[in-house]
Amino acid sequence: MKKFSDLINPTLSFEIFPPKGTGKLDTIFSTVDALASLAPDLISVTYGAGGTSRENTAEIASKIQNNYNLPATAHLTCVGSTKKDMEKTLSDLRSKGIENILALRGDLAEGEHLTDFHYASDLIKFIKTQYDFTLFAACYPEKHPEALSMEEDLLHLKEKVDCGVDALISQLFFDNNFFYKFREKARDLGIQTPIMAGIMPITSASQINRMASLCGASMPKQVQKIIEAYGHNNMAMREAGIAYATEQIVDLLANGVDGIHLYTMNQPALAKTISESIRGILYSLRVKRV
Ligand code: FAD
């Protein structure tokens, strides 16, 4: 099994989420079948994001790693967990052969309260003292919605990375300029880890408005125009969304991004169209950067 550190820059990774509820794992494995055929460098599996289940993350990531022979990353949130809960979860991940974790704070669900972990950095420190996972963490090109300023958020990001993060995966954004400014400031602060850019193709007007307000991503005029022009027609919106995301990716790759992390929304056809249109670009950059 290739380790993340063995992967050739720039990487292409896909994010999927477990199906809601338990017992519906077959559907996700047909998605994984299709995604695996695109030979991504990594597939990450969310943990309880947007009301999806937490129970199946480890099992899905484990099968990707062991049955498909592809590096997988299990997302893991800590807020609301005790150290004892976390030890159990981490031992389970280890026993399932998981090597990579995206260590997150998460958001308190209704009825949950702060316990042993307040920030993602607490989880990272905890993992580092007892285990040897490769660790990913989240970053926010337009700052985390709770942070008072980008400067404050970046200082916390630096603290987090210094706890032992191997690579960062960004929140989605629609304007590459935010990513470039963020990356420059992060590098100036001494954050040297690879930063993968999170890209979510727009496939429907309602989806994108919901995601943008949830994540705090700015909507450039160009995206607003696309939604105004094509939002009434699903096929047109999807084609325009894929074209926009591909354009963003081509620009990011030309500007030296370490990797593209595609929020696939469990839609392999979307990932296929985009991956195939950048295959030659990725290949040429990988050869150049070796
Ligand atoms: P942190 O890094 O802890 O930061 C959270 C906030 O606290 C920031 O404002 C930061 O500036 C501040 N902060 C950090 N340290 C300190 C400190 N020492 N003192 C004061 N303030 C501090 N959520 C899920 O539930 N499941 C998922 O699978 C999931 N996957 C994600 C994948 C990606 C790529 C991204 C970008 C996000 C994902 N999320 C997921 C959402 C994430 O859980 C939320 O954004 C959450 O609010 C913050 O998590 P974090 O790990 O970034 O937190």
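The values are calculated or read from the model by the stated rules, or taken from the named source; none is laboratory data. What you are looking at is a predicted structure, and each value in this text was computed from that prediction instead of being measured. When we count neighbours, we look across all protein chains shown, and the Cβ atoms used for this are built from the backbone with ideal geometry, even at glycine.
Inside segment 33-61, can you point out the residues that are more than 19 Å from L7 (Cβ to Cβ) and more than 16 Å from the ligand (Cβ to nearest atom)?
The answer is D33, A34.
Out of segment 250-281, which residues are closer than 25 Å to V45 by Cβ, touching a Leu at 6+ places or on another chain (Cβ under 8 Å) and of a type in the set (V, I, T)?
Correct list: I260, T264, I274, I278.
Give all pairs with beta carbons closer than 8 Å in which a residue from segment 103-123 that is more than 15 Å from G48 (Cα to Cα) and within 6 Å of the ligand (Cβ to nearest atom) meets a residue that is assigned to a loop (DSSP other than H, G, I, E, B) and at pLDDT 90 or above; count only pairs at least 6 apart in sequence or on separate chains.
If the second residue must be assigned to a loop (DSSP other than H, G, I, E, B) and at pLDDT 90 or above, the pairs left are Y119/R105; A120/C78; A120/R105; S121/C163.
I'm told Q192 meets every condition in (1) polar (S, T, N, Q); (2) outside any helix (DSSP H, G or I); (3) without any contact (Cβ under 8 Å) to a residue 24 or more places away in the chain; (4) more than 24 Å from L157 (Cα to Cα) except one. Can you identify the failing condition by its number?
(4)
Evaluate segment 176-188: report whether one residue or more is part of a loop (DSSP other than H, G, I, E, B) and over 26 Å from K272 (Cβ atoms).
no
What is the one condition in (1) under 24 Å from Q171 (Cα atoms); (2) part of a helix (DSSP H, G or I); (3) touching a Leu at 6+ places or on another chain (Cβ under 9 Å) that S121 does not satisfy?
(3)
Given the structure, is S170 under 18 Å from Y244 (Cβ atoms), in contact with a helix residue (DSSP H, G or I) (Cβ under 7 Å, 6 or more places away or on another chain), among the small types (G, A, S) and buried (at least 18 other Cβ atoms within 10 Å of the Cβ)?
Judged against the criteria, S170 is a match.
So which residues in segment 210-242 are without any contact (Cβ under 8 Å) to a residue 12 or more places away in the chain, part of a helix (DSSP H, G or I), more than 18 Å from F179 (Cα to Cα) and away from the ligand (no atom under 16 Å from the Cβ), if there are any at all?
Result: Q224, K225, E228, A229, Y230, M235, A236, E239.
Here are V165, V161: which of them is more than 9 Å from the ligand (Cβ to nearest atom) and either part of a helix (DSSP H, G or I) or without any contact (Cβ under 8 Å) to a residue 40 or more places away in the chain (or both)?
Details: V165 fails: either part of a helix (DSSP H, G or I) or without any contact (Cβ under 8 Å) to a residue 40 or more places away in the chain (or both).
Criteria check complete, one pass: V161.
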